[in-house]
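Down below is the structure, laid out as structure tokens.
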Amino acid sequence: MIKKIAIIGSGVMGSGIAQSFAVSGYFVTINDIKEELLYHAQNRISENLSLLIEEGALTDREKQSALANITYSVDLEGAVRDADFIIEAIPEVIDLKLNLYQQLEEIIKPDAIVASNTSTFPISQLMEKASFAERMVITHFFNPGHLVPLVEIVQHEETKPEIVKTTMDLMRKIGKSPILLKKEIAGFIANRLQTALMREAFYLLKEGVADAEDIDTAITAGPGFRWAFTGPIEIADFGGLDTWQRVFDNVSPVLDQSKEAPDLIRDLVAEGKLGTKSGEGIFTYEESTVSQKINERDRNFIKLGKLKMEKEEVL
């Protein structure tokens, strides 16, 4: 039985994942290399919980209970020694991850499950030098981790079936929607679909077909509106596979076929225009505007999450 959770890495993803477990009643220890990082994580989690209260998705009592379920530690061994389930959410640098796994081999319980939140590396590469592949999985949460339901589960060829089942059940217990990949593939599922869409969006922008705002609206007010409840494969069934056969035959030949990042993105990165983190990307941002947009985004995610939960309860 999973009772104690350890999250290694206290950034936006790590703290969001920890919050999901804590709200669901699990005891969580968040580990990082500096007290300052843990302090920021503690404030971030408290603010996230307060926003849930404002939107009627949580009570103040539930917030205090969640906060009480979380401890913070710079001592890696102390954080993971008694953990039943450990999630690594450190930066996407392979040497850092491999070094961490070597450390974990010496200090974790023999039956502890180890997971990575990676969105970049295949599990076979993560386990090249470690000896616990039979109890290793990838649990890829989506940002913001405490609000987006999807968790992509990737298993190693040596991962035991009961480890996969335990992981899937655990994700459901904290209100997530886990999906299991049947084979290893770069980018997993969601990021492959997302990248294909964004490649075409930047192509349309480069070609001057529409401005950035209208391209975004074409998704948020169109496909994105229905994708919240109906996926692309079911949409094809509803629309008629004969209809979609014609759509594919007519549109596929003229879609962008680029094999690397769009030139527009490369040019902006070279100029130091990285988006919200630098104040300018495709759009220009003021610091207050970014905070406001994130706040609005999260409030909308909370409302959508409540709506999806109500739908599932009806079903």
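The values are calculated or read from the model by the stated rules, or taken from the named source; none is laboratory data. Please read these numbers as outputs of a predicted model, since none were measured by experiment. Cβ sites come from the backbone with ideal geometry, for glycine too, and all protein chains shown count toward neighbours. When the accessible area is computed, the model is the full protein with side chains, heavy atoms only, and any ligands, DNA or RNA have been set aside. Shrake-Rupley method; radii C 1.70, N 1.55, O 1.52, S 1.80 Å.
Points to keep in mind about this one:
- Only helices enter the 222 nm calculation for the chain: every DSSP H run of n ≥ 4 contributes -39,500 (n - 2.57), and dividing by all residues gives -16000 deg cm²/dmol, rounded to 500.
- Distance between segment 277-315 and segment 79-123 - C-alpha centres, whole angstrom: 30
- Reduced Cα scattering model of segment 145-193, Debye log10 I(q)/I(0), q = 0.13, 0.20, 0.28 Å⁻¹: -0.31, -0.71, -1.12
- Cα-based radius of gyration for segment 1-142, normalised by 2.2 N^0.38 Å, reads 1.03.
- Accessible area of segment 36-194 belonging to carbon and sulfur atoms, whole % at 1.4 Å probe: 49
- With 0.36 nm allotted per residue and the present C-alpha distance subtracted, the ARG226-LEU181 stretch has 13.8 nm of extension available.
- Positive-end residue, segment 134-249 charge dipole about Cα centroid, Cβ charges, pick of ILE138, TRP227, LEU150: ILE138
- Degrees between helix 12-23 axis and first principal axis of the chain (Cα, 0 to 90, nearest 10): 60
- Rounded FRET efficiency, nearest 0.05, which uses the C-beta distance separating SER65 from LEU197 and R0 of 41 Å: 0.55
- Taking a point 7 Å out from the Cα of ALA270 in the direction of its Cβ, the residues of segment 176-206 whose backbone N falls within less than 17 Å of it are 206.
- Anisotropy class of segment 220-315 from Cα gyration tensor, a/c 1.5 cut: oblate
- Close amide-amide hydrogen proximity is noted between TYR72 and ILE30, each under 5 Å apart and 5 or more residues distant or on a separate chain (H modeled in the peptide plane; Pro and chain starts excluded).
- Over segment 146-243: Rg over Rh, Cα atoms, Kirkwood Rh: 1.06
- Shape class for segment 1-77: oblate, because the ratio a/c of the largest to smallest gyration tensor axis (alpha-carbon atoms, square roots of eigenvalues) is 1.5 or more and b/c is at least a/b.
- Cβ-placed point charges (K, R +1; D, E -1), dipole of the chain about Cα centre in debye, nearest 20: 740
- Residue-normalised accessible area of segment 1-153, expressed per residue, 1.4 Å probe, Å²: 43
- Cα-based Rg of the chain normalised by 2.2 N^0.38 Å, two decimals: 1.07
- Per residue accessible area of segment 223-315, 1.4 Å probe, in Å²: 79
- Alpha carbon centroid spacing (whole Å) that separates segment 1-62 from segment 162-200: 22
- Principal-axis tilt of helix 287-314 within the chain, Cα atoms, nearest 10 degrees: 80
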